Amino acid sequence: MELAVLNTAGKETGKKVTLNEAIFGVEPNDHAIYLDVKQYLANQRQGTHKSKQRNEVSGSTKKLKKQKGTGGARCGSIKSPVFVGGGRVFGPVPRDYSFKLNKKLKQLARKSALSYKAKADSITVVENLAMEAPKTKEFVGIAKNLNLNDKKVLVVLPDTDKNVILAARNLQNVKVIQASSLNTYDVMNATNILMVENSVEAVNQMFGL
């Protein structure tokens, strides 16, 4: 699959870039995408939630009333879950939500996500995104020239570019990542992908192609 390489003014440079069919042209596997996204979101969870059980709540251990003869239900502790201020039954405790996925499955998920974007013509390749200063206004102008100003965009850079990252940081619908950090969640979460020309080769290297 060939795409025309554009400049920041939105004009064709006359160059074309070839997207590897082994990455951008596979038959998408929806279940692999689901598992990879599920793992990504699970890994974002801190898992620090905690509630106190009856053995952790502060309170007297004295029996509230005698066992029999009161005409009411028996009770032994003010820390019982049935009383206000008592412990919680089966409450949340700190835990790790992460789980393992095989490397080949994760690669299939990323290829599937990229193939979806390629089939939908949602990938734009730009020659260069170098900026002299981190100006958000300039970045918005570039996005407008590329007809991406009203879309949720994932910008893929070959290497870290501080000016581009800072310029796009305040834009709610724009996320900037390196090609080596490309993941299924970010690809599927964006409506369009803006790739710098050199990042195409970086993506091929990430998949060992």
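The values are calculated or read from the model by the stated rules, or taken from the named source; none is laboratory data. Here the structure is a predicted model, which means the values were calculated and not measured. Please note: Cβ atoms are built from the backbone with ideal geometry, for glycine as well, and neighbour counts cover all protein chains shown. The protein model used for the area step is the full one, side chains on, heavy atoms only, and it has no ligands, DNA or RNA in it. Shrake-Rupley method; radii C 1.70, N 1.55, O 1.52, S 1.80 Å.
Can you give the charge dipole size of the chain about its Cα centre, rounded to the nearest 20 debye, using +1 on the beta carbon of Lys and Arg and -1 on the beta carbon of Asp and Glu?
2520 debye
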With every protein chain present, what accessible area does M188 have (1.4 Å probe, heavy atoms only), rounded to the nearest 10 Å²?
-> 80 Å²
Out of G14, N43, G72 - ranked by how far each Cα lies towards the positive end of the dipole of region 1-133, with unit charges on the beta-carbon of charged residues - the top one is G72
Might you tell me the accessible area per residue for region 11-98, computed with a 1.4 Å probe and given in Å²?
-> 74 Å²
Among K38/K152; K111/K151; K103/K144; K38/K111, which pairs are too far apart, with a Cα-Cα distance over 26 Å?
-> K103/K144
Pairwise FRET efficiency - R74 versus R95, Cβ, R0 = 35 Å, nearest 0.05 | 0.55
How long is the gain from K11 to N102 if the chain were fully straight, where each residue apart is worth 0.36 nm and the alpha carbon distance is subtracted?
-> 28.6 nm
Rounded to the nearest 500, what is the 222 nm mean residue ellipticity of the chain from helices alone, with -39500 (n - 2.57) per DSSP H run of 4+ residues and division by all residues?
-> -9500 deg cm²/dmol
If one builds a Gaussian network model of the chain from Cα atoms under 10 Å apart, the most fluctuating residue listed among Q172, Q53, Q44 is Q53
Would you mind telling me which residue in S180, S77, S122 has the biggest mean-square fluctuation in a Gaussian network model of the chain, where springs connect alpha carbons within a distance under 10 angstrom?
-> S77
GNM top mover of G141, G47, G87 - the chain, alpha-carbon springs below 10 Å | G87
Taking a quarter of the surface of the Cα convex hull of the chain, what do you get in nm²?
-> 17.7 nm²
Go through region 184-198 residue by residue and turn each phi into a ³J(HN,Hα) via Karplus (6.51, -1.76, 1.60, θ = phi - 60°); whole Hz please, and just put x for glycine and proline.
-> 4, 4, 5, 5, 6, 6, 9, 8, 9, 10, 10, 10, 6, 3, 5
Taking protein heavy atoms only, a 1.4 Å probe, and rounding to whole percent, the accessible area of region 132-202 owed to carbon and sulfur comes out at 44 percent
Does a label point 7 Å from the Cα of N145, set along Cα-to-beta-carbon, have any residues of region 1-40 with amide nitrogen under 13 Å, and which are they?
-> 6-13
Heavy-atom accessible area of V125, protein chains in place, probe 1.4 angstrom, given in Å² to nearest 10, is 0 Å²
Would you tell me the accessible area of D36, worked out with a 1.4 angstrom probe on the heavy atoms of the protein chains, in Å² to the nearest 10?
-> 10 Å²
Applied in sequence order to region 37-45, the curve 6.51 cos²θ - 1.76 cosθ + 1.60 (Karplus, θ = phi - 60°) yields integer Hz couplings, x standing for Gly and Pro, of 5, 4, 5, 4, 5, 5, 5, 7, 6
Dipole check, the chain, charges on Cβ (K,R +1; D,E -1), about Cα centroid: among L3, V196, Y116 the Cα furthest to the positive pole belongs to Y116
Roughly how many percent of the accessible protein surface of region 38-88 is carbon and sulfur, given a 1.4 Å probe and a whole-percent answer?
-> 50 percent
Computed for region 124-209: size of charge dipole around the Cα centre, +1 on C-beta of each Lys and Arg, -1 on C-beta of each Asp and Glu, debye to nearest 20, value 400 debye
